[in-house]
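S.K.: I have a structure here, written as structure tokens, and I will follow up with some questions on it.
The values are calculated or read from the model by the stated rules, or taken from the named source; none is laboratory data. None of the values given here were measured: they were computed from a predicted structure. Quick reminder, even Gly has a Cβ in these numbers, built from the backbone with ideal geometry, and neighbours come from all protein chains shown.
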Amino acid sequence: MISQFQTVLSSYGQDVQDKSQTLLQIITKFASSYNSTINGTSRNIETTELCGGARICYIFHETFGHTLLSIDPVIGLTKLDILTAIRNATGPRPALFVPEVSDLRFFYCYFYVVRVKRWNNLNVVVHD
């Protein structure tokens, strides 16, 4: 019985001398494999369905894109809310456009719209 387990144990290979180096090699191999799958250069390419980067591209361009286009970004906001946010973002100086620097006051105006629509977007990505 001991010889049977010795045979099984020896089939696993030699003892690991440097555990950190072995772990680094395993992580590097996984990262390389993952990268090649995303880039479409993997040797194991699926032919029956989209996988890797092609699947990600499909989800963002087809499914997620159509869902974003169907969202009304100003739902629940009045013109006065938008005008106030623009005026608050410009500060004391009159401006023709909203400053390019992101302003938290303007951000909070749309924050609840994103919060309400977030679950719809997540459902599109998860369920597709």
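S.K.: With the structure loaded, tell me whether F60 is in contact (Cβ under 8 Å) with a residue 60 or more places away in the chain and in a helix (DSSP H, G or I) or whether it fails that test.
M.R.: no
S.K.: Would you mind stating whether I86 is over 22 Å from the mean Cα position of the chain (by Cα), surrounded by 11 or more Cβ atoms within 10 Å (Cβ to Cβ) and either at pLDDT below 75 or part of a loop (DSSP other than H, G, I, E, B) (or both)? Can you show your working first?
M.R.: Values: over 22 Å from the mean Cα position of the chain (by Cα): yes; surrounded by 11 or more Cβ atoms within 10 Å (Cβ to Cβ): yes; either at pLDDT below 75 or part of a loop (DSSP other than H, G, I, E, B) (or both): yes.
Yes.
S.K.: Could you identify the single residue in T28, T37, T41, T22 that is part of a loop (DSSP other than H, G, I, E, B) and not basic (K, R)?
M.R.: Working: T28 fails: part of a loop (DSSP other than H, G, I, E, B); T37 fails: part of a loop (DSSP other than H, G, I, E, B); T22 fails: part of a loop (DSSP other than H, G, I, E, B).
The conditions single out T41.
S.K.: Turning to a different aspect of this structure: Is it true that some residue in the range 20-43 is more than 30 Å from Y58 (Cβ to Cβ) and either of a type in the set (K, R) or in the same structural domain as G53 (by TED's automatic domain parsing) (or both)?
M.R.: The answer is no; no qualifying residue exists.
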